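Heads up: the structure comes next, in structure tokens.
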Amino acid sequence: MYVLCVGAHPDDCESAMGGTAALFVRRGDTVRFLSVTNGDKGHFAEEYIRNPCALAERMRGEAADAAAAIGCEYRCLGLHDGEVYVTKEVTEAMIRAIRGFGPIGHGPDLVITNRPCDYHRDHRYTAQIVLDALYMLTVPPACPDTPHLRRLPVVAYWQDDFTEFGAFQPDVVIPIDAAIAQKVNAVSAHVSQFMEWIPYNAGSHDAFADFPTDPAAQRQRIERLYRERAARWAQRWPDMVPPGTQFAEAFQISNYGNQPNAEQLRALFPVS
């Protein structure tokens with residue numbers, strides 16, 4: 001199976017669904033992380049403000065290391081951080097990126113991204129670009145330089161806590177206890193983001209306030225954050241999180257892609 005995970009920034013996919021991605025890989029699936037931007041504004045250091053290309057290059061290396069920790073591959077569309085807009089050019093780039101992953105004419109079986117109601121404009125527009133690209137995937141005259149798909153992939157959203165446009169409603173919850181070390185390894189590879197930028201920008205990431213400086217303590221804090229998140233979901237969706245689960249990731253099927261039945265849904269995701 002081919003699974004394409006689409007995030008706005010180089011660290012989004014592993015943070016949101018790195019455990020499930022690792023389980024996909026263990027099952028024998030081919031997984032690709034695709035970021036729309038190169039992350040070149042996600043830092044406070046003067047050297048990166050003067051030279052954003054240096055930050056983009058650093059983040060490219062971190063993203064490659066994070067993907068290697070999970071066993072998947074990483075690609076980037078190369079837009080500047082904070083400059084994601086729904087345009088013809090970017091939508092066509094997304095059409096080509098989705099069509100180009102997987103067998104010719106088949107493409108990915110599953111595309112996973114954030115919901116269009118996310119807090120960050122780059123995130124919201126990334127989701128909208130994925131949705132705008134969907135139908136056109138099967139239209140031969142659209143981007144005719146890339147073979148069209150014979151059917152739409154299933155599209156899923158990873159979990160969030162936003163409620164302004166309706167609360168997240170999980171269709172499947174994946175226990176990731178067996179893969180949490182890989183997820184923490186992948187997230188920890190993004191030193192520029194999780195150890196530097198997000199603690200600095202803690203006003204929009206309260207959980208990272210007073211973030212430790214010791215690497216071992218940083219890993220413990222990251223693991224604790226994901227444990228606390230799973231505990232909230234176990235309270236919210238008690239019938240979907242198996243008892244004793246410490247870490248979990250949840251997914252909601254989008255109305256706009258192929259619609260799996262219950263049996264197909266179980267086959268799509270690494271459900272034990």
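Derivation of every value follows stated rules applied to the coordinates shown; laboratory data play no part. None of these values were measured; they are calculated from a predicted model. No Cβ is skipped: glycine too gets one built from the backbone with ideal geometry, and neighbour counts run over all protein chains shown.
Rounded, prolate or oblate: which fits region 29-106 when a ≥ b ≥ c are the square roots of the eigenvalues of the alpha-carbon gyration tensor, with rounded for a/c under 1.5 and prolate only if a/b beats b/c? It comes out oblate by the Cα gyration axes. Here the spin labels are modelled as points 7 Å beyond Cα on the Cα-Cβ line, and at Arg26 and Tyr256 they lie 3.2 nm apart. Helical runs assigned H by DSSP (4 residues or longer) give the chain a calculated mean residue ellipticity at 222 nm of -12500 deg cm²/dmol, each run adding -39500 (n - 2.57) before division by the residue total.
With pairing defined as another cysteine C-beta under 4.7 Å, the cysteines of the chain that fail it are Cys53, Cys72, Cys76, Cys117, Cys143. Using the Stokes-Einstein relation with a Kirkwood hydrodynamic radius computed over Cα pairs, the translational diffusion coefficient of region 1-156 at 4 °C and a viscosity of 1.567 mPa s comes to 82 µm²/s. Neighbours of Tyr2, meaning other residues whose beta-carbon lies under 15 angstrom from its beta-carbon, give a summed charge of +3 when Lys and Arg score +1 and Asp and Glu score -1. Here the label points at His80 and Asp214, each 7 Å from Cα along the C-beta direction, are separated by 4.1 nm in the simple model. Separation of region 5-50 and region 67-92, taken as the distance between their Cα centroids, equals 9 angstrom.
Here the Karplus curve 6.51 cos²θ - 1.76 cosθ + 1.60, taken at θ = phi - 60°, turns the phi angles of region 37-44 into couplings of 9, 9, x, 7, 10, x, 6, 10 Hz, with x standing for Gly and Pro. Here the Karplus relation 6.51 cos²θ - 1.76 cosθ + 1.60, evaluated at θ = phi - 60°, turns the backbone of region 176-185 into coupling constants of 10, 3, 5, 10, 5, 5, 5, 5, 5, 4 Hz, with x for every Gly and Pro. Largest GNM mean-square fluctuation among Phe162, Phe247, Phe24, using the chain with Cα springs under 10 Å: Phe162.
Computed from backbone phi, the HN-Hα couplings of region 215-227 come to x, 5, 5, 4, 4, 5, 5, 4, 4, 4, 4, 6, 5 Hz, rounded to whole numbers (Karplus: 6.51 cos²θ - 1.76 cosθ + 1.60, θ = phi - 60°; Gly and Pro given as x). Judged by the ratio a/c of the largest to the smallest principal axis of the C-alpha gyration tensor, the chain counts as oblate, that ratio being 1.5 or greater while a/b is no larger than b/c.
Pairwise Cα distances in region 101-208 exceed 20 Å for 60 percent of all pairs.
If each residue of separation counts as 0.36 nm, what is the full-extension length gain between Gln264 and His120 once their alpha-carbon separation is subtracted? Each step should come with its number before you reach the end.
On the way: separation 144, 0.36 × 144 = 51.84 nm, distance 3.19 nm.
Using 0.36 nm per residue and subtracting the Cα-Cα distance, I get 48.7 nm.
In the elastic network of the chain, a GNM with C-alpha springs shorter than 10 Å, the most mobile of Glu62, Glu249, Glu164 is Glu164. Electrostatic bookkeeping for Glu47 treats Lys and Arg as +1 and Asp and Glu as -1; over the other residues with beta carbon under 14 Å from its beta carbon, the sum is -1.
Counting only other residues whose beta carbon sits under 12 Å from that of Pro147, what net charge do I get with K and R as +1, D and E as -1? Each step should come with its number before you reach the end.
Details: positive: Arg96, Arg99, Arg150; negative: Asp145.
Net charge around Pro147: +2.
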